[in-house]
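**Student:** I have a structure I would like to understand better, so I am pasting it below and will then ask my questions one at a time.
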Amino acid sequence: MPEPRQSGVPGSGQLAFGVSVTWLSLTVLLPVAALVALASEKGAGAFIDAVTAPQARAALLLSVAAAAATAVVNAIFGTALAWVLVRHSFRGRGLVNAIVDLPFALPTVVAGLTLLAIYGPASPLGIDIAFTRVSLVAALALVTLPFVVRSVQPVLAALGSEIEEAALTLGASRAQVCRRVLLPLLVPAIVSGTALAFARAVGEFGSVVIVSGNVPFKTEVAPVYILKRVESGDLPGAAAVASMLLLLALVVLLLLRWFERRRAEVAA
């Protein structure tokens, strides 16, 4: 493994490290520490009561379930879209490729409003899924689509078509090529994109607050419940539920890093 290049400017490494740590502390570590401190302000008993309250528990479970369903949907259709963009040439491919990144730039509230206009009571398509759990998954799928596509696309492009052609030459069917040759090579990228999509979806607020209806025990997700706790003046309770979302996202990301590290060790 090559050694990191050292800058020729004396002390530049320490300066860069100090600036990086300071910026990370100001933007991530201190806010997270403040959230944890606020959540534990009234003690462990109050924290447990806040996160196990029936409405809070239902909102957390719905957030996890909707995020998991979204991750599965994106794993399937995101991989398929990446395949189309890499393996097929068609008019408008550049436009489609640009549209994939649109959810990154589009305000999530606008995404929710767009879905309400298309799949709401006044839908021009005659499809009304607004204020249902299906609308939750649709909204989350929209804002997290780029994660899987952009994780799989470069890996698929790097593989080229030689592997497929060799397998076909040896007598494998296209289904066997996809299942036994390409899919094992794409699994790490799919897992990475799916995990990021889940971590993003579990705390999503803007796109779901409009289309879900926010009905307690039915379509109310944890971020909306947190907002209601803040509006009612229960900041410690809101912070307790928020810290659970934070912990869940952190666990997913740590598992993803562990998976990538294990894959690298096996490959070595």
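The values are calculated or read from the model by the stated rules, or taken from the named source; none is laboratory data. A quick note: this is a predicted structure, and the numbers were derived from the prediction, not measured. FYI the Cβ positions are ideal-geometry reconstructions off the backbone, even for glycines, and counts take in every protein chain you see. Ligands, DNA and RNA are stripped out before the accessible areas are found, and what is left, the full protein with its side chains, is counted by its heavy atoms. Shrake-Rupley method; radii C 1.70, N 1.55, O 1.52, S 1.80 Å.
**Student:** With the requirement that a residue be within 16 Å of T144 (Cα to Cα) and of a type in the set (S, T, N, Q), what does region 82-126 give you?
**Tutor:** Residues satisfying the conditions are N97, T108, T114.
**Student:** Are any of the residues in region 217-231 open to solvent by 70 Å² or more (accessible area, probe 1.4 Å) and not in a helix (DSSP H, G or I)?
**Tutor:** Yes; the residues of region 217-231 include at least one that is open to solvent by 70 Å² or more (accessible area, probe 1.4 Å) and not in a helix (DSSP H, G or I).
**Student:** Of the residues that make up region 217-230, is at least one within 30 Å of A98 (Cβ to Cβ) and either within 21 Å of the chain's Cα centre (by Cα) or at pLDDT below 90 (or both)? Write out each step before concluding.
**Tutor:** If we filter region 217-230 for residues that are within 30 Å of A98 (Cβ to Cβ), which is where we start, we get 221, 223.
So of that shortlist, the ones also either within 21 Å of the chain's Cα centre (by Cα) or at pLDDT below 90 (or both) come out as 221, 223.
Yes: one or more hits.
**Student:** Looking at (1) open to solvent by 20 Å² or more (accessible area, probe 1.4 Å); (2) more than 27 Å from G43 (Cα to Cα), which one does A201 not meet, given that it meets all the others?
**Tutor:** Failed condition: (1).
**Student:** Return the total of residues in region 239-252 being surrounded by 14 or more Cβ atoms within 10 Å (Cβ to Cβ) and without any contact (Cβ under 8 Å) to a residue 60 or more places away in the chain.
**Tutor:** Residues in region 239-252 being surrounded by 14 or more Cβ atoms within 10 Å (Cβ to Cβ) and without any contact (Cβ under 8 Å) to a residue 60 or more places away in the chain: 2 in total.
**Student:** Within region 206-216, restricting attention to residues that are among the small types (G, A, S) and in a helix (DSSP H, G or I), which residue is nearest to L145 (Cα to Cα)?
**Tutor:** Within region 206-216, the match that is nearest to L145 (Cα to Cα) is S207.
**Student:** For the structure I just gave you, tell me whether R150 is basic (K, R), more than 25 Å from T219 (Cβ to Cβ) and assigned to a loop (DSSP other than H, G, I, E, B).
**Tutor:** no
**Student:** Additional query: Would you be able to tell me the number of residues in region 236-268 that are farther than 20 Å from F205 by Cα and small (G, A, S)?
**Tutor:** Qualifying residue count for the region: 3.
**Student:** Something else about it: Of the conditions (1) assigned to a helix (DSSP H, G or I); (2) touching a residue at least 12 places away in the same chain (Cβ under 8 Å), G203 satisfies every one except a single condition; which number is it?
**Tutor:** All conditions pass for G203, except number (1).
**Student:** In addition: Are there any pairs, at least 6 apart or on different chains, whose C-beta atoms fall under 9 Å, with the first in region 43-55 and charged (D, E, K, R) and the second open to solvent by 50 Å² or more (accessible area, probe 1.4 Å) and modelled with pLDDT of 95 or more, and if so, which?
**Tutor:** Final answer for the pair search is none.
**Student:** Right, something else. Could you pull out the residue among L186, L159, L168 that is crowded, with 17+ Cβ neighbours inside 10 Å, more than 30 Å from V241 (Cβ to Cβ) and in contact with a helix residue (DSSP H, G or I) (Cβ under 9 Å, 6 or more places away or on another chain)? Spell out the reasoning first.
**Tutor:** On the way: L159 fails: crowded, with 17+ Cβ neighbours inside 10 Å; L168 fails: crowded, with 17+ Cβ neighbours inside 10 Å.
Of the residues listed, the single one that is crowded, with 17+ Cβ neighbours inside 10 Å, more than 30 Å from V241 (Cβ to Cβ) and in contact with a helix residue (DSSP H, G or I) (Cβ under 9 Å, 6 or more places away or on another chain) is L186.
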